[in-house]
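First comes the structure, then the notes that go with it.
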Ligand code: NAD
Ligand code: GLY
């Protein structure tokens, strides 16, 4: 798809997600929200912007400026993971129905991964599917959740258990929006950035290590580079395995452990990227036991996560038994066998059932206080 930027000296760059007729561009850079000509990507006349109470105050007006020739409606959801449920979905669907929206309406997800996931799912199911645009405003959403078409909501018995694959028409990642992110949310996003180095590009990991202070200072050039490389890696993986029949699952490195932590905490207290930080260390420990990773590389990861201010141990009250019970409900369990993502080498991930339960139990003993 042709993607217009409003000026020839744009500071934005473009990453292509190659999926046949579902292909789309990711536009990355400071002021991307202003530079992209939305009218080139939105084919109907009506737009429903879904955002939350925090992001609305910060960026709604800026986005609306760019939709001047459209009829714009908005839905402002409460903040937080608690809205990523069937109830949250229902709020969006009801507003679309009450507003008389038909299949030509485009839904715009303006916010972090929570808004992107629930709004994307609403777009997937409303009248059997309408177009949607992702405008991610957290680092985690810019490097991960806005790309690849996974949409959905949580269930009390498990995270992201209800959902659909539905690709956006375009993703607009304005890296300036990251400057207003709370420090903790920014660090949580960094854990997903680090993930890409671990699973696919050890030189990117080295680069993050060298540039971490600048990234933590929100240097816009460094941020744009990090978002671009992360999106390139994700776009390449998704282009080869859109619906996660196999290789795409490597993007879930550390996530089985991390999702268990989030489920144990009932999606409260810790944010997603924090749970993934600990989950990645646990998956890294398993990879050490299986011989793909050295103790030195395990320590490098731990030091990096600590420099980001991320947690490196599971919640104190979470036991080995809690992990075992919750992990067996993971989506990656097939025929009673849990598949886990491990590193065969630094920068090379694979999905495996051959890790040996005794090794898994050693990982849990190593990381759990009880
Ligand atoms: P989030 O959406 O809750 O956003 C984090 C916080 O930052 C919220 O309080 C939000 O209101 C606030 N916020 C957002 N943008 C801001 C800005 N620019 N300035 C100030 N505050 C801002 O959390 P998240 O970390 O973005 O996303 C987590 C969710 O993403 C989880 O539900 C996770 O399961 C999901 N996820 C989905 C995928 C996928 O492929 N679909 C991948 C990874 C994670
Ligand atoms: N975040 C994992 C995936 O998109 O597959």
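A few remarks follow.
- Hull volume in cubic angstrom per residue (convex hull over the Cα atoms of segment 143-189): 95
- Surface/4 estimate of mean projected area, convex hull on alpha-carbon atoms of segment 181-257, nm²: 5.5
- Relative frequency of Cα-Cα separations exceeding 16 Å in segment 21-99, percent: 60
- Compactness check for segment 213-370: Cα Rg over 2.2 N^0.38 Å is 1.05.
- Note on segment 80-190: Cα convex hull, mean projected area over all directions, 6.9 nm².
- Only beta bridges with both residues in segment 1-129 are counted; by DSSP, about 35 percent of them are antiparallel.
- Rounded tilt (10° steps) of 272-289 against the dominant C-alpha axis of the chain: 40
- Expected-Rg normalisation [2.2 N^0.38 Å, Cα atoms] applied to segment 1-154: 0.97
- Helix-only [θ]222 nm of the chain, DSSP H runs n ≥ 4, -39500 (n - 2.57) each, per residue, nearest 500: -13500 deg cm²/dmol
- Tilt relative to the chain, helix 255-264 - C-alpha long axis, 0 to 90 degrees, to 10: 80
- Of interest is the spacing of the C-alpha centroids, which for segment 166-191 and segment 18-91 amounts to 13 Å.
- Diffusion constant of the chain at 20 °C, which comes from Stokes-Einstein with the Kirkwood Cα-pair radius and 1.002 mPa s, µm²/s: 103
- Shape of segment 281-361, Cα gyration tensor, a/c cut at 1.5: oblate
- Antiparallel content of DSSP bridges confined to the chain, in %, to 5: 45
- DSSP bridge orientation in segment 105-203 - percent antiparallel, rounded to nearest 5: 40
- Degrees, to the nearest 10: 202-216 long Cα axis against longest axis of the chain: 70
- Rg over Rh, two decimals, segment 328-370 (C-alpha only, Kirkwood Rh): 1.00
- Of the residues 72, 341, the one with the fewest other Cβ atoms within 10 Å heads the list, and the complete ranking is 72, 341.
- Pair-distance profile P(r), taking every C-alpha pair of segment 214-290, with 5 angstrom steps and integer %: 3, 14, 15, 16, 22, 20, 9, 1
- Fewest-first ranking of 69, 274, 209, using other Cβ atoms within 10 Å as the exposure measure: 69, 209, 274
All of the numbers you see were taken from the coordinates with simple rules; none came from a lab. Given the structure is predicted, the values throughout are model-derived calculations rather than measurements. Note that each Cβ is placed from the backbone with ideal geometry, even for glycine, and that neighbours are counted across all protein chains shown.
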